[in-house]
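Trainee: Sharing a structure, written as structure tokens. Questions coming.
The values are calculated or read from the model by the stated rules, or taken from the named source; none is laboratory data. Computed from a predicted structure; not experimentally measured. Cβ coordinates were reconstructed from backbone atoms using ideal geometry, including for glycine residues, and neighbour counts include every protein chain displayed. The area values use the complete protein model at the heavy-atom level, side chains included, leaving out ligands, DNA and RNA. Shrake-Rupley method; radii C 1.70, N 1.55, O 1.52, S 1.80 Å.
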Amino acid sequence: ARPRHFRRRCMAMAAPAPHERHEKAGCSRVEAGLIAASVYEARYPPREKMRALIVDNFPALGKAAALRFLEWAQENPTGVCSLPTGKTPEYFIKWVRKFLEEWSTPAMQEEIERCGLGHSRPKLDGLTFVQIDEFYPISPEQHNSFHHYVSEFYIKGFGLDPKKALLMDCSKIGLQHVPKSFGPTGEPEDHLPHETMEDVWPGGLVDLSLRMRSPDTRLERLQQRVLRQVDQWCSEYEAKIRALGGIGFIMGGIGPDGHVAFNCLGCDHNSTTRLDQLNYASQAAAAGDLGGIEAVRKRKVITIGLGTITFNPECVAIICAAGEAKARVVREAIEEDPHVNFPASALHRLPRACFFLTEGAAKLLSERRLASLRRLEVISQREVESVLVDLSVRLRKRLVDLDEDDVASCPLASCVIARAGRPLAQLAIEVRDSLIAKIERGCQTRHDARFLHTEPHHDDIMLGYLPAVLRNTRVASNEHHFICATSGFNSVSNRHMLMLLDRVETFLRSPTCRRLCQEDYFDSADERGLDFRRRDVWKFLDGIAAGDAELRDEGAARRFVANLCDVFGQAGSNARGLCERVQQLRAYFLARYAGERDTKEVQTLKGACREFEAECVWGYIGWQRPNISHLRLGFYTADLFAPEPTQQRDVLPILEVMRSVRPTVVSVALDPEASGPDTHYKVLQAATAAIEQYAAEEKPDDLVVWGYRNVWFRFEPHEVSTIVPVSLQTISTLNHMFLSAFESQRDAEFPAHEVQGPFCEMSRRVQVEQYDKIETCLGYEWFHKHTSPLIRATRGLVFLREMTLEELSGASRALRRQAENI
């Protein structure tokens, strides 16, 4: 059976009047149907400078894009197209293949007609495919190259003709036709080979300054010649695209800095195909693909330009964005005038350009927010708090100082105040009192409570709400248990593993290691073995406390050796065998390209390193195994498109811990819709299912759920029930714990795009920004002249949402509707 939302949408698509109306406005039949099924118009001029279509959820986003692509392909069977890479097109790819494979079935024919497509099956083998961008240098054989992605999912997957494809093989570009060079004595400089990219760019490090400066060495002279050949190749690539008439259909995502293709913030709107370098935000976003930001920093990128995209005035440009994380750059692209600060605003010149968005990505579009408010039957306190807090922060005025002129300057505030039925002064006091009540709730601690803290990754609790954890661990009657749902191996770089192997080699040569081997320190699997694993943590923390790097390294090396024995079945008493295994692993990591998929054993070993780090973190405050559980849920893989959680594999492990702990407080990462069903979303669904089953079994009457967010997403004040004060002392403690224990994350190989540094720095920024927002609303004197020293010491805030089981289930279902077709 087709999903309910799709039947409703397609029925609306079949209505002729909306089709005709929107087609006259420049929309295609497919787009007209999407608009007819939506509560929003395609565009709200003059505020919005280009069209935006909003769909229910991430799979619906892919389906809408697939329909628009197939519609264009029907009309342009020999056209030129460019399609994106990464996770954004996951459901686009799935829906295109589904439509093509089931095209002739009666059910699909009925659906095709309802959605505005013609009856003839599109012939994609007549299309010319243009690759949008690629890292340079990189081999197309690497699974994380865009060339490989395009070849697998589009050339093979869609049946495109490879002979008609313009692709970027960045293992060869620049090496062909490198002119000969002669040295000072007139002899040929033939001593430097240039058969491979490694010959020219050792370690993948590309120096673009050679375009402008004089080379200093023979190698630099070769590199300069290759760079100029690359620039010539890019010029010819651009000419080929323009000779085809330009790109007829392009689909892409939008980056954290607003980039389209790899045209980053500040890029010329008339730019063409070129070799360029990424800014930090784009490097951070790409770090996960290339195995860490160091690999990204070395490389450059070849990208088509904004001028390339807009060369064909008839180009259908579809920009897809899902999730609240994209809301700011989406608003800037649609509402701001064309400017180099907003790369996607270059698309304003294309009448057929359109954003395809989920509700989360569209949340900051002001006219649509206003339309949503006007549709509400009743204005609730949440809407009042949301709008007045935003107004207070924007004007930098206390809530109680807002006046009618301030409200008149904001359409959202005008709408809310007019419909709330109470004067502004009264509403401002209500919002102020609400914020104060939330802070007072955050100052309280629980007693005789059993906490079950859950996190998708090993640092989510720390980054999300560590101040609340610390406050409640100071009460002796409370018991704490910590669950990490995934093994986290994707966030451990090969460089970090090589550093750990250095420690292990040193340790294996020590008398301490020989003594421990005789005690079966690494082979014991019973209660004695559990005590040994605790001793690993104690030794590490002893080293931290004493400022003794050798002692710290010994603790980490002890655990690594134990992990080797566990993962590879090594005998802990066989020091020679352990040394051989270390050398094998060293050769393995040195031979891997950055981001290459690891073997199952190495994935487990990397995950075990993250698990040790988490045990060290909670050892700071006195908690250890078995109060720390590493679940390694099976949905977490290295696959680009990871599987969904299942009851047996992913829900039951959480449920079993709950049965053992019998918690009174359970925390969950309550992140909003992301760019599809990601790790946080999947852990939330598994945790919610486990909590619901536990409640059905035990029927607890005192179970409370804490919803938290970490550095990736943030609550707004109106979304939370509790605001936890954070002092400078706590901020300092968090930084020390993170930088000391989470060694694999200290160098920020997989960083947040907003901060050039480790995640603890991002956590600090979020907490301080949240404090600044609330301080603006209440006034600085409320904090600094408060009778409580806890409030006076506040320099940051943590937002939490306290929920009942029913509220958690409702929130989880709402997120599921945003991420899945249900």
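Trainee: In this structure, is L391 within 34 Å of the chain's Cα centre (by Cα) and surrounded by 20 or more Cβ atoms within 10 Å (Cβ to Cβ)?
Mentor: Considered against the rule, which asks whether it is within 34 Å of the chain's Cα centre (by Cα) and surrounded by 20 or more Cβ atoms within 10 Å (Cβ to Cβ), L391 comes out as yes.
Trainee: If you take the residues of the stretch 423-479 that are of a type in the set (V, I, T) and over 21 Å from V705 (Cβ atoms), which of them is surrounded by the fewest Cβ atoms within 10 Å (Cβ to Cβ)?
Mentor: I429
Trainee: Related question: Could you list all residues from the stretch 294-334 that are surrounded by fewer than 23 Cβ atoms within 10 Å (Cβ to Cβ), under 30 Å from N494 (Cβ atoms) and of a type in the set (A, V, I, L, M)?
Mentor: A325
Trainee: When the stretch 765-810 is examined, which residues are found to be part of a helix (DSSP H, G or I), open to solvent by 20 Å² or more (accessible area, probe 1.4 Å) and more than 17 Å from V431 (Cα to Cα)?
Mentor: R765, V768, E769, E781, H784, P789, L790, R792, L805, E806, E807, G810
Trainee: Follow-up question, since we're still on this one. Which of the following residues is of a type outside the set (D, E, K, R) and open to solvent by 40 Å² or more (accessible area, probe 1.4 Å): C517, C579, C513, C565?
Mentor: C579
Trainee: While we're looking at this one, here's another question. Based on this model, can you work out whether L508 counts as more than 25 Å from E601 (Cα to Cα) and aliphatic (A, V, I, L, M)?
Mentor: no
Trainee: Report, by residue number, each residue of the stretch 196-220 that is assigned to a helix (DSSP H, G or I) and surrounded by fewer than 17 Cβ atoms within 10 Å (Cβ to Cβ).
Mentor: E198, D199, P202, G203, L208, S209, R211, R218, L219, E220
Trainee: Separate question: Give the stretch 127-160 a look and list any residue that's over 22 Å from V260 (Cα atoms) and polar (S, T, N, Q), or say none.
Mentor: S139, Q142
Trainee: State all residues of the stretch 365-387 that are touching a Lys or Arg at 6+ places or on another chain (Cβ under 7 Å) and more than 19 Å from I35 (Cα to Cα); if no residue qualifies, say none.
Mentor: Scanning the stretch 365-387 gives a single hit, I379.
Trainee: Ok, one more. Search the stretch 739-760 for residues being part of a helix (DSSP H, G or I) and under 13 Å from W712 (Cα atoms), and hand back the single one that is most open to solvent (accessible area, probe 1.4 Å).
Mentor: The residue in question is F759.
Trainee: Can I ask one more? For the stretch 97-137, which positions are β-branched (V, I, T) and open to solvent by 10 Å² or more (accessible area, probe 1.4 Å)?
Mentor: Within the stretch 97-137, T105, T128, I132 qualify.
Trainee: Can you tell me which residues in the stretch 231-247 are of a type outside the set (G, A, S) and open to solvent by less than 40 Å² (accessible area, probe 1.4 Å)?
Mentor: The answer is C234, Y237, E238, I241, I247.
Trainee: Now, a different point. For the stretch 35-87, give me each residue that is under 27 Å from the mean Cα position of the chain (by Cα), closer than 20 Å to G360 by Cβ and assigned to a helix (DSSP H, G or I).
Mentor: Answer for the stretch 35-87, where residues must be under 27 Å from the mean Cα position of the chain (by Cα), closer than 20 Å to G360 by Cβ and assigned to a helix (DSSP H, G or I): F58, P59, A60, L61, G62, K63, A64, A65.
Trainee: Shifting gears a bit: Need a quick list: helices (runs of 4 or more DSSP H) entirely within the stretch 348-423 having at least 3 residues that are within 18 Å of A327 (Cα to Cα).
Mentor: Here the list reads 366-375, 381-395.
Trainee: Same structure, new question: In this structure, is A571 touching a helix residue (DSSP H, G or I) at 6+ places or on another chain (Cβ under 7 Å), over 30 Å from R659 (Cα atoms) and open to solvent by less than 60 Å² (accessible area, probe 1.4 Å)?
Mentor: yes
Trainee: Next up: State whether one or more residues within the stretch 721-738 are surrounded by 21 or more Cβ atoms within 10 Å (Cβ to Cβ) and at pLDDT below 90.
Mentor: For the stretch 721-738, residues surrounded by 21 or more Cβ atoms within 10 Å (Cβ to Cβ) and at pLDDT below 90: absent.
Trainee: Just checking, which of F540, F532, F507, F522 is more than 30 Å from L684 (Cα to Cα), in contact (Cβ under 8 Å) with a residue 12 or more places away in the chain and part of a loop (DSSP other than H, G, I, E, B)?
Mentor: When all the criteria are applied, what remains is F522.
Trainee: Separate question: Mind listing just one residue for me: the one in the stretch 560-572 that is under 15 Å from S510 (Cβ atoms) and in a helix (DSSP H, G or I) and, of those, farthest from the chain's Cα centre (by Cα)?
Mentor: So, considering only residues that are under 15 Å from S510 (Cβ atoms) and in a helix (DSSP H, G or I), the one farthest from the chain's Cα centre (by Cα) is V561.
Trainee: Moving on. Looking at I250, I254, which is the one that is assigned to a loop (DSSP other than H, G, I, E, B), open to solvent by less than 40 Å² (accessible area, probe 1.4 Å), farther than 22 Å from I173 by Cα and β-branched (V, I, T)?
Mentor: I254
Trainee: To continue, here is another question. Considering every residue within the stretch 589-610, establish whether at least one is within 28 Å of the chain's Cα centre (by Cα), closer than 17 Å to F532 by Cα and either touching a residue at least 60 places away in the same chain (Cβ under 8 Å) or surrounded by 21 or more Cβ atoms within 10 Å (Cβ to Cβ) (or both).
Mentor: For the stretch 589-610, residues within 28 Å of the chain's Cα centre (by Cα), closer than 17 Å to F532 by Cα and either touching a residue at least 60 places away in the same chain (Cβ under 8 Å) or surrounded by 21 or more Cβ atoms within 10 Å (Cβ to Cβ) (or both): present.
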